[in-house]
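Quick note: the coordinates plus some simple rules give every number you see, no bench work behind them. As the structure is a prediction and not an experimental result, all values here were calculated from the model. Because the Cβ atoms are built from the backbone with ideal geometry, glycine has one as well, and the counts that use them run over all protein chains shown.
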Amino acid sequence: METIKFLLDFILHINDHLDALVLQYGSTIYAILFLIIFVETGLVIMPFLPGDSLLFAAGALCARTADQPDAPLQIGFLIGLLFIAAVLGDNSNYAIGRFFGQRALKMKIGGKALVKQEYMDRTHTFFEKYGTKAIIMARFVPIVRTFTPFVAGVGRMNYKKKFLPYDIAGGFLWIASMSLAGYALGQNPWVKKHFEAVVVGIIFLSILPMIITWLRHRFSGKSQ
């Protein structure tokens, strides 16, 4: 419960957290951001780390400090670095899924499943609906983003011809679009004043496809 509260606080006040981290660690913030993106995409047990909101906030921070000669964050370098983190994370997750396969579903920590079957089923449905394009589209869907490379590995999707090229494309589109959105809108007076609401909106839009899918399944089941 405390972990969930911490994550919610971190996500909803991510702008303040980043400012504080920059003041405390300076350019070392690059390493912190790299680690968060890598873990969120690379470890199937960490699907709740901030992704979209973090990228947006980081882009906004780049915009706020762009006119400073010693700015701690540069948008071009940020995008390049986090793109590498996203691709490395997904490829690590794919390798874990390919190596452990179905055994990972049976692993438990403290009596609880290491990987929830419901998340696996949700991601599998995503694959069934969108095919290889799911690798790109999943980048923009929390939780599914973390489980997609793992499921691709479990299913032994062709790595060189299918997984890798789509993963690289998806990683670049995700990192660049969310970071540049924050960079472009971060200095807008309304966005600055309602930053927390904007972050919540980004999170809502990210999970909207999952909500719609859940509602469709819910009501289609009742109608049968």
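A simple packing score, the average count of other Cβ atoms within 10 Å per residue, orders the peptides 37-45, 183-191 as 37-45, 183-191, with the highest score first. Summing charges over all other residues whose Cβ lies under 13 Å from the Cβ of Phe83, with Lys and Arg as +1 and Asp and Glu as -1, gives -1.
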